[in-house]
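Please read the structure below before turning to the comments.
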Amino acid sequence: MLRFLLLFSRQGKLRLQKWFTPVTEREKKKVIREMTLMVLARPPRSCNFLHWRDLKIVYKRYASLYFCCGLEDQDNELLTLEVLHRYVELLDKYFGNVCELDIIFNFEKAYFILDEFLMGGEILETSKTAVGIAMEEAETLQEVTPPPPPPPLTHTHGHLSLTHLPKYVNMFSVLFTDNGGVYE
């Protein structure tokens, strides 16, 4: 089972994070810092698998982004590389040759694709077509125009409509006056 998935740039800027197990904010920051430092310090042609604490770390660089996963000891590293590659394929299919700016400006779409693909650290859907259909359905739901907002509420107190008061009126004096709330 995957514990986390991180996307960060070559400069160490975090672009996306998904945690599949409960972790405190302090621990998340520590893991993110250690992962970025450890992965970015490695030579370009070195192995994509690391052992860190009680986890296996699998990472892959695509263009200017590093995709990094933490997984349990009994999980398969090669399968995790395939999972990362499939996620990049899904992003490519949606964005058309995905780049770092696509992730920055459309992070909610990247999270949606990830949520359609993985759930609880396990693969939910392997079919690129099925994830693509879910994305298209989500797009059509977003394109539906929302209904117009309701008219503003007017509260009448006696014969006074509070929506037609002068700009600077002390509402306390209007509502709690001796003459029944009539503004004079």
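Among the residues of the range 68-82, write down those that are surrounded by fewer than 22 Cβ atoms within 10 Å (Cβ to Cβ) and closer than 23 Å to MET135 by Cβ. Let's see the steps before the verdict.
Quick first cut of the range 68-82, residues surrounded by fewer than 22 Cβ atoms within 10 Å (Cβ to Cβ) only: 72-79, 81-82.
The answer is GLU82, and nothing else.
Let's see how each residue does on (1) free of Cβ contacts under 8 Å to residues at least 40 places away in the same chain; (2) part of a strand (DSSP E or B); (3) small (Gly, Ala, Ser):
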residue	(1), (2), (3)
LYS30	yes, no, no
THR36	yes, no, no
TYR59	yes, yes, no
TYR66	no, yes, no
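Determine if the range 46-66 includes at least one residue that is within 21 Å of GLU122 (Cα to Cα), surrounded by 12 or more Cβ atoms within 10 Å (Cβ to Cβ) and within 19 Å of the chain's Cα centre (by Cα).
yes
Here are some residues: ARG3, ARG86, ARG15, ARG42. Which one is modelled with pLDDT of 90 or more, open to solvent by 30 Å² or more (accessible area, probe 1.4 Å), of a type in the set (Lys, Arg) and more than 19 Å from the chain's Cα centre (by Cα)?
Details: ARG3 fails: more than 19 Å from the chain's Cα centre (by Cα); ARG86 fails: more than 19 Å from the chain's Cα centre (by Cα); ARG15 fails: more than 19 Å from the chain's Cα centre (by Cα).
Criteria check complete, one pass: ARG42.
Restricting attention to the range 68-85, which residues are of a type in the set (Asp, Glu) and part of a helix (DSSP H, G or I)?
Restricting attention to the range 68-85, the residues satisfying the condition of being of a type in the set (Asp, Glu) are 72-73, 75, 77, 82.
Result: GLU77, GLU82.
If you go through the range 92-131 one residue at a time, how many are among the aliphatic types (A, V, I, L, M), open to solvent by less than 80 Å² (accessible area, probe 1.4 Å) and without any contact (Cβ under 8 Å) to a residue 40 or more places away in the chain?
Within the range 92-131, the subset among the aliphatic types (A, V, I, L, M) is 98, 101, 103-104, 110, 113-114, 118-119, 123-124, 130-131.
Going one step further and asking which of them are open to solvent by less than 80 Å² (accessible area, probe 1.4 Å), we end up with 98, 103-104, 110, 113-114, 118, 123, 130-131.
Imposing the further condition that a residue be without any contact (Cβ under 8 Å) to a residue 40 or more places away in the chain reduces the set to 98, 113, 130.
Residues that pass the stated criteria total 3.
The values are calculated or read from the model by the stated rules, or taken from the named source; none is laboratory data. In this text the structure is predicted, and so the values were computed from the model without any measurement. When we count neighbours, we look across all protein chains shown, and the Cβ atoms used for this are built from the backbone with ideal geometry, even at glycine. We work out accessible area using only protein heavy atoms, side chains counted, and drop any ligands, DNA or RNA first. Shrake-Rupley method; radii C 1.70, N 1.55, O 1.52, S 1.80 Å.
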